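A.B. asks: Mind looking over this structure? Questions follow.
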Amino acid sequence: MANYIVGISGGSGAPYTRRVIEGLVRAGHDVKIVITDAGRRVIDIELGISLTGNPASDTRTVMDSLGLDSGPGSIELFDQRDVGAAIASGSSECAGMVVVPCSMGTLARISTGISSNLLERAADVALKERRKLILVPRETPLSLIHLRNMTAVTEAGAIVLPAMPGFYHRPESVDDLVDMIAGRVLDTLEVESDLLRRWRGTGD
């Protein structure tokens, strides 16, 4: 069992977030979640999960909404303004962090080391401690500013994993497309799941 951090910012892509959290918890890991105000709004719009911003009540709401009571792992939500939280320190144990979805504003602040909230501080800690940091942007088209910020975070040690599902596995539903990206995130975190269908070649 390990500790992972999931940051949720205001970009579209809450279904990816849900599947990543489910995968981590069901694999037996403890998940520390930081949601920005914009992230809470997206979760409400895309998943119909209304969060208050109170970490205690929101933790229960997320557990109930995702049906995670039976999972061997756990989740804990943190207020984005709680810069004194354990995950704000490099001494806190963490096997990796993913920001899913990662808005372009959040990407920009992480790329320049601006820690204006707990999510960005936790990402900054992951970079300075040389821990795995995965950023999942969902934006199109991309401006030169976006591309340069992606280059900057990659040079700093982060992994940019855009929400760009493939079709070689012949998806039959939106869930199949969501699972492909969530599976790639978990695979990159080195967490086993059954979400990712690996390419085995054409057999020719």
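A.B. asks: Take Ile114 and Ser173, extend 7 Å from each Cα along the Cα→Cβ direction, and tell me the distance between the two endpoints in nm.
C.D. replies: Result: 4.1 nm between the two label points.
A.B. asks: Take the alpha carbon atoms of the stretch 105-204, find their radius of gyration, then divide it by 2.2 N^0.38 Å using N residues; give the quotient.
C.D. replies: Rg over 2.2 N^0.38 Å, computed on Cα atoms: 1.23.
A.B. asks: I need to check one value: relative contact order of the chain, counting alpha carbon pairs closer than 8 Å and at least 6 residues apart, in percent.
C.D. replies: 23
A.B. asks: For Asp79, enumerate residues with amide H under 5 Å from its amide H, sequence gap 5+ or separate chain, H modeled in the peptide plane.
C.D. replies: none
A.B. asks: Mind ordering 109-121, 93-105 by average Cβ neighbours within 10 Å, highest first?
C.D. replies: Averaged packing, sorted descending, gives the order 93-105, 109-121.
A.B. asks: Assuming R0 = 22 Å, can you tell me the calculated FRET efficiency for the pair Thr154 and Glu46, based on Cβ-Cβ distance, to the nearest 0.05?
C.D. replies: For R0 = 22 Å, the calculated efficiency reads 0.20.
A.B. asks: Quick one: if you stick a label point 7 Å off each Cα along the C-beta vector at Ala86 and Met164, how many nm between them?
C.D. replies: 3.8
A.B. asks: What relative contact order, as a whole-number percentage, does the stretch 83-160 give when Cα pairs under 8 Å and 6 or more residues apart are counted?
C.D. replies: After rounding, I find 37 percent.
A.B. asks: Starting at 0 and stepping by 5 Å, how many percent of the alpha carbon pairs of the chain end up in each bin?
C.D. replies: 1, 8, 16, 21, 22, 17, 9, 4, 1, 1, 0, 0
A.B. asks: How large is ³J(HN,Hα) for each residue in the stretch 39-48, as worked out from phi by the Karplus curve 6.51 cos²θ - 1.76 cosθ + 1.60 (θ = phi - 60°), to whole Hz, x for Gly and Pro?
C.D. replies: x, 4, 5, 5, 4, 5, 5, 8, 10, x
A.B. asks: Determine, at each q value in 0.13, 0.16, 0.22 (inverse angstroms), the log₁₀ of I(q)/I(0) that the Debye formula gives when each Cα of the stretch 1-80 is one equal point scatterer.
C.D. replies: For the requested q values the scattering log ratios are -0.33, -0.50, -0.99.
A short reminder: the numbers here are calculations on the coordinates, not readings from a lab. Note that this is a predicted model, so its numbers are computed, not measured. Here Cβ is always computed from backbone atoms with ideal geometry, including for glycine, and neighbour counts include all displayed protein chains.
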